[in-house]
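Peer 1: Sharing a structure here in structure tokens format.
The values are calculated or read from the model by the stated rules, or taken from the named source; none is laboratory data. Quick caveat: nothing in here was measured; it's all calculated off a predicted structure. Because the Cβ atoms are built from the backbone with ideal geometry, glycine has one as well, and the counts that use them run over all protein chains shown. Accessible surface areas use protein heavy atoms only, side chains included; no ligands, DNA or RNA. Shrake-Rupley method; radii C 1.70, N 1.55, O 1.52, S 1.80 Å.
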Amino acid sequence: GGAGGSPDGPDPALAWRRCVNEIQMLWFGHDVNQAREADGRPTINTLWLSGNGAPRAESPHYAAIDSGVPLLASLSVEPDAGRALESFDRFVDPARRDDWSGWREQLQRFDLRLGGVLRQQGDGSIGSVTLVLCGRERAKTLTLGPRDLAGFWRRLWPGRGRTPSLAELFGEGPAA
């Protein structure tokens, strides 16, 4: 029961958000953050826990990383790793500023990049594609192999005969 809960108990995502909020309030006035701010350095205002499942002997390695998130950008790069990591974090700043035209512009950029990746997958130059879609309270992981794509788009866009843009899927009408 209760708000934000389920018959099995409280919503874990809501509990985590409350915990992070408490951490932010505690760290806001901490001596370390006051010293960082006085030195002109960014303050520390949150934490990110990782590690779903069994511990790994080492951190993941990527052939290339494209991310504005410092933690992701700091992961190991090894040219022969066989996979790349891209984070489309360019949505965050426009959303925080309520700049929805800027957000839509980033959506169009993401749409173009995703289209390029799907074309590469279609011509066999890359294998599976994993998308991790993050919201305020949840993350969904979607892994698509080359044979999965046709069915994926047919389920999202039945009977249209072509692959839609993300702007069309989000109700913005046909792309110009």
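Peer 1: When residues of segment 63-103 are filtered for being farther than 18 Å from Leu114 by Cβ and charged (D, E, K, R), how many remain?
Peer 2: So the count comes out to 7.
Peer 1: Please go through segment 55-102 and give me each residue that is open to solvent by 80 Å² or more (accessible area, probe 1.4 Å), closer than 19 Å to Val132 by Cα and assigned to a helix (DSSP H, G or I), ordered by number.
Peer 2: Within segment 55-102, Pro70, Leu71, Arg90, Asp93 qualify.
Peer 1: Also: State which residue pairs qualify: first residue over 16 Å from Arg147 (Cβ atoms) and inside segment 123-135, second residue of a type in the set (A, V, I, L, M, F, W, C) in any location, beta carbons under 6 Å apart, and separation of 6 or more residues or different chains.
Peer 2: Matching pairs, first to second residue: Leu131/Leu142; Val132/Ala139.
Peer 1: Given the criterion more than 18 Å from Gly82 (Cα to Cα), modelled with pLDDT of 80 or more and open to solvent by less than 80 Å² (accessible area, probe 1.4 Å), identify the matching residue among Gly115, Gly135.
Peer 2: When all the criteria are applied, what remains is Gly115.
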